[in-house]
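This report refers to the structure that appears directly beneath it.
The values are calculated or read from the model by the stated rules, or taken from the named source; none is laboratory data. On a predicted model such as this, the values are computed, not experimentally measured, just so you know. So basically every Cβ, Gly included, is an ideal-geometry build from the backbone, and we count neighbours across all protein chains shown.
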Amino acid sequence: MNIFILTGAGISAESGLKTFRDNDGLWENHRVEDVATPEAFARDPDLVQRFYNLRRAALADAQPNSAHIALARLQDALESHDGTLTLVTQNVDDLHERGGVSGVIHMHGELMRALCAACAYAWDIADDLHVDSQCPACGTKGSARPDIVWFGEMPYHMDRIEAALMRADLFVSIGTSGAVYPAAGFVHAARSQGIRTIELNMEPSLGSNYFDEARHGPAGRIVPEWTDQIIDHIKTGA
Ligand code: OAD
């Protein structure tokens, strides 16, 4: 069986990381336009760097929760029975990797990576970025930005994502509000291929009606419940 999973901020909420749309449109008390757009970075790079430095510090204190870990168990079970798990996340945290999933596709970039706005080189970072941080490839000072897909920019890996979705037997959306495209459109692409679709979220997402099945509750509970059922099905063939 080939399972394609899309995750969003809701899967990391119980690890203590804030979601985007659960606080009157403010993300950590900032309007998204003030911190997550190329225009914001051009206008006030210091504010944007400090904002993402704080997100990186919060991530260092966070641990994967039972939902992240359940997906790693599911990947192991699938791969030992000739199946695959494609895990596409809108999250910029690394909790899927730390929970044990391999090959995670980060369509909105990663907090723990930097991107040079001058030469497009991207590299792993562990510490803060500053307005005068230097690119290790071209040496430009002040060109280093978080390797995060901001509003108005093109998500990463779309060709690979679309190909994997077309090969899937099951599409599962976890912890996402369905407010941001192209991820919000994956359910439609899956349906048009006759692929079964399931939503696991705290509450009905904007596209909830399009799913064949929806289960609502905290990811830390409903994701392990669902993976246990699927693993049972994989192992027994029932
Ligand atoms: P949102 O904040 O829009 O949605 C989070 C969803 O998770 C909501 O539907 C919540 O009900 C649900 N949720 C909250 N806590 C939960 C829990 N404990 N268990 C299960 N579900 C829970 O976040 P995303 O859909 O990920 O893009 O947002 C999509 C994109 O919008 C983000 O990747 C980001 C943002 O702009 C970029 O940064 C480019």
- Task: Provide a single number: the residues in region 78-95 that are closer than 20 Å to residue 171 by Cβ and more than 13 Å from the ligand (Cβ to nearest atom).
- Result: 9
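With respect to residue 175, determine if the residue is modelled with pLDDT of 95 or more, within 7 Å of the ligand (Cβ to nearest atom), in the same structural domain as residue 87 (by TED's automatic domain parsing) and farther than 30 Å from residue 46 by Cα.
yes
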- Query: Can you tell which of 174, 198 is surrounded by 14 or more Cβ atoms within 10 Å (Cβ to Cβ), in contact with a helix residue (DSSP H, G or I) (Cβ under 9 Å, 6 or more places away or on another chain) and touching a residue at least 40 places away in the same chain (Cβ under 8 Å)?
  - Reply: 174
- Taking region 67-118 and keeping residues part of a helix (DSSP H, G or I) and among the hydrophobic types (A, V, I, L, M, F, W, C) leaves 67, 69, 70, 71, 72, 74, 77, 78, 95
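Every residue, every condition in (1) closer than 11 Å to residue 147 by Cα; (2) in contact (Cβ under 8 Å) with a residue 40 or more places away in the chain; (3) of a type outside the set (D, E, K, R), yes or no:
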| site | (1), (2), (3) |
| --- | --- |
| 89 | no, yes, yes |
| 92 | yes, yes, yes |
| 97 | no, no, no |
| 101 | no, no, yes |
| 108 | yes, yes, yes |
| 113 | yes, no, no |
| 131 | no, yes, yes |
| 135 | no, no, yes |
